[in-house]
Structures are given as C-alpha cells and as structure tokens.
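*Asks:* For reference, the structure I am asking about is given below.
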Amino acid sequence: MDLGRVGIWTGALDPQPTVRAREVAAELEALGYGTIWLPEAVGRDPFVAATLLLGATQRLNIATGIATIYGRDAMTMNAGWRSVSEAFPDRFLLGLGVSHQPMVEGVRGHTYARPLAAMRDYLDAMDRGLYFAAPATVEPQRCLAALGPKMLELAAQRTVGVHPYFQTPEHTKIARDVVGAGKLVMPEQMCVLSNHATEARTIARAHMAIYLGLPNYTNNLRRLGFTDDDIADGGSDRLVDSIVVWGDEAAVAERVRQHHDAGADHVCVQVLVSSRGELPLEQWRRLAPALTG
C-alpha cells in the first residue's frame, strides 16, 4: 500500500454533509495528499465513512486513526475490514486502538481492560473470525495505535506497522527502533498555521486539553522526558511546541521532515483551528505545495 509521504488526519469531515465530505476528499486527492486518516469517537461509523470517501476518489487511501476495539466485536471488525478492502483493493488501512477509559466506560459503557492483553486477545479473535464473503484481491492491511514499547512490539509482530498519535519526532525514532525495518511508522503531527505565538499556543492548548487528561498519553510523555510541571495547567510552552508545530508552511514542513528523518514512512498532519470541527480547507490548500511537492 502506497500511503504517500504525507497525509491528512482529520475529524472535520464528520460535521460536513456526506456530499461535501466527498467533494473535499476529491480535492485533497488532487492536492497530492496520499491518505486521509479518520478517527472514531462519536461521529460517523469509520467503515461507512471510508467507503463513501473511497468511492469519491481514484487513488486516495483511507485509514482509520483509530477504529476502537470496543466499538464492535472482533468478528464484526474483521468483516468490515475485509469488506472495504475487497471493494477498494490496497486503498484501505485499518488502524486499531484500545481508546481510553473515559470513552470506553463513560461513553460506551464497556469495561476497560489492560490495553496490551485486550489488544492481543482481540487480534487473535479477529484472526479466528469467520468470513465467507468474496475475498479481497490484495491482502487487507492493519496497523496499531501504539505508544509504549510493548504495544509497539505487538504491532510489529501482528500488523504492518504503527500509528502513534500526539507524539514528537523523538518518539518516532523510538518507534522505528522498536518495530525495526520493514514495518510502517506513521505518526500524526498537529499544527497551527500562525506566526503569532500567543494565538498559536492558545489554539494548541485548547486541542491538547483532553489528551493531557488521559493516562495513555501522559505516561508516554513522561517516558519522553516531560515532567508533571510540563503537563500541568494546559501544558508548558516546551510541551506545547513539541507536540504542536506552529508557524508558516515551511515550519510545518520542517517538522514533518524531522519525523521522516527519525524513521517515519508517512506523516499525517492534523491542522488545528480556533473552532473545533471547522473545516480547515484553506490551510490544507496552503500546506499542499510544501508537503506534497
């Protein structure tokens, strides 16, 4: 699967009517982005959304970043994965993750298990799942949302690679060292297109707030050398600037280059804007020459 060097990670297509979302996907393809990454939270079903966007484009890939293992049982996940992969050979990448306890227990009403064991058991159940529909002509591909060394190792053993989220180029280097050659490293990178430090950091902190309350992310930040003081009160400038690159197109391109130099095969850029859910189409257009040329 050729994901391209750079893609777009976005939840901003969910608030758009389907017709508009399909138009935007076609434009992102024309701009040269290789892949759109779609989250799963409280919006569209990711398999339905992927099918709609794949059908509106010719070469663009769709990846889930991520489909939660608590959103459907393993046999249903396996069926959805294989169904979309059969319809659009070599253009759909299933990113799987364990999500977070507040979403799993507070929103979905499930019991949040130990992440590594839960993911290993789920992959086993997927692999055992019965599926008697027409098979894909190209073997379906999956990856894992992985931060810590054990989940990174599991991803290397059982999937094509890893999709780290809310991370730095330093983590990309760690991920590459753990998964080794021949596996895909596909980090997400947040950005704000603004040269004004106060404005950019305000936008960044508004989007970072939810993640700084989730142990999966904060524990990993500590592994990277950030302190409790960095994490507190919306994040220190050091932390904010490490997670969210801000500035002009060249600044974003430089951070993406740092990920590639650290071992990334593909970087999916998430553009942050002041209004959550706003479609950052103009920013995607501005970034395209710097990122896809």
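*Asks:* Whether any residue in the stretch 24-33 is assigned to a loop (DSSP other than H, G, I, E, B), at pLDDT 95 or above and out of contact with any Ser or Thr (no Cβ under 7 Å at 6 or more places or on another chain) is what I want to check. Step through it out loud before you land on a result.
*Replies:* To start, the set of residues in the stretch 24-33 that are assigned to a loop (DSSP other than H, G, I, E, B) comprises 32-33.
Among the residues that remain, those that are also at pLDDT 95 or above are: 32-33.
Now restrict to residues that are out of contact with any Ser or Thr (no Cβ under 7 Å at 6 or more places or on another chain): none.
Scanning the stretch 24-33 turns up no residue that is assigned to a loop (DSSP other than H, G, I, E, B), at pLDDT 95 or above and out of contact with any Ser or Thr (no Cβ under 7 Å at 6 or more places or on another chain).
*Asks:* Within the stretch 27-62, which residues are touching a residue at least 40 places away in the same chain (Cβ under 8 Å) and of a type in the set (V, I, T)?
*Replies:* Of everything in the stretch 27-62, those that are touching a residue at least 40 places away in the same chain (Cβ under 8 Å) and of a type in the set (V, I, T) turn out to be T35, V42.
*Asks:* Does G293 qualify as being modelled with pLDDT under 95 and out of contact with any strand residue (DSSP E or B) (no Cβ under 7 Å at 6 or more places or on another chain)?
*Replies:* On the way: modelled with pLDDT under 95: yes; out of contact with any strand residue (DSSP E or B) (no Cβ under 7 Å at 6 or more places or on another chain): yes.
Judged against the criteria, G293 is a match.
*Asks:* Working only within the stretch 233-282, note down all residues that are part of a loop (DSSP other than H, G, I, E, B) and either within 15 Å of the chain's Cα centre (by Cα) or without any contact (Cβ under 8 Å) to a residue 24 or more places away in the chain (or both). Please lay out each step first, then the result.
*Replies:* Our first condition is that a residue be part of a loop (DSSP other than H, G, I, E, B); within the stretch 233-282, this holds for 233-236, 248, 262-266, 272-280.
If the condition is that a residue be part of a loop (DSSP other than H, G, I, E, B) and either within 15 Å of the chain's Cα centre (by Cα) or without any contact (Cβ under 8 Å) to a residue 24 or more places away in the chain (or both), then D233, S236, A264, D265, H266, L272, S275 are the ones that fit.
*Asks:* Please go through the stretch 274-290 and pick out each residue that is surrounded by fewer than 18 Cβ atoms within 10 Å (Cβ to Cβ) and modelled with pLDDT of 95 or more.
*Replies:* In the first step, residues of the stretch 274-290 are kept if they are surrounded by fewer than 18 Cβ atoms within 10 Å (Cβ to Cβ); the result is 274-278, 281-282, 285-286, 289-290.
Result: L281, E282, R285, R286, P289, A290.
*Asks:* Looking at the stretch 63-75, is at least one residue in contact (Cβ under 8 Å) with a residue 40 or more places away in the chain, more than 16 Å from the chain's Cα centre (by Cα), assigned to a helix (DSSP H, G or I) and surrounded by fewer than 23 Cβ atoms within 10 Å (Cβ to Cβ)?
*Replies:* Yes, some residue in the stretch 63-75 is in contact (Cβ under 8 Å) with a residue 40 or more places away in the chain, more than 16 Å from the chain's Cα centre (by Cα), assigned to a helix (DSSP H, G or I) and surrounded by fewer than 23 Cβ atoms within 10 Å (Cβ to Cβ).
*Asks:* Quick check on my filter: what residues within the stretch 1-12 are assigned to a loop (DSSP other than H, G, I, E, B), under 22 Å from R142 (Cα atoms) and modelled with pLDDT of 95 or more? Break it down into steps so the answer makes sense when it comes.
*Replies:* Going residue by residue through the stretch 1-12, those that are assigned to a loop (DSSP other than H, G, I, E, B) are 1-5, 10-12.
Filter again for under 22 Å from R142 (Cα atoms), leaving 1-5, 10-11.
D2, L3, G4, R5, T10, G11, listed by residue number.
*Asks:* Return yes when A146 is surrounded by 22 or more Cβ atoms within 10 Å (Cβ to Cβ), under 18 Å from the mean Cα position of the chain (by Cα), under 18 Å from R223 (Cα atoms) and in contact (Cβ under 8 Å) with a residue 24 or more places away in the chain and no when it is not.
*Replies:* Numbers: surrounded by 22 or more Cβ atoms within 10 Å (Cβ to Cβ): yes; under 18 Å from the mean Cα position of the chain (by Cα): yes; under 18 Å from R223 (Cα atoms): yes; in contact (Cβ under 8 Å) with a residue 24 or more places away in the chain: yes.
Yes.
*Asks:* Please go through (1) of a type outside the set (F, W, Y); (2) modelled with pLDDT of 95 or more; (3) not in a helix (DSSP H, G or I) for A118 and return the number of the only condition it doesn't satisfy.
*Replies:* (3)
*Asks:* For the stretch 159-227, list the helices (runs of 4 or more DSSP H) that sit wholly inside it and hold at least 3 residues that are farther than 16 Å from V271 by Cα and of a type in the set (D, E, K, R); which are they?
*Replies:* On the way: elements: 169-179, 197-208, 215-223.
Here the list reads 169-179.
*Asks:* Collect the residues in the stretch 34-52 that are modelled with pLDDT of 95 or more, part of a loop (DSSP other than H, G, I, E, B) and out of contact with any Pro (no Cβ under 9 Å at 6 or more places or on another chain), keeping them in residue-number order.
*Replies:* G34, R44, D45
The values are calculated or read from the model by the stated rules, or taken from the named source; none is laboratory data. What you see is a predicted model, and the numbers here were worked out from it, not measured in a lab. Using ideal geometry, Cβ is built from the backbone for each residue, glycine included, and neighbour counts are taken over all protein chains shown.
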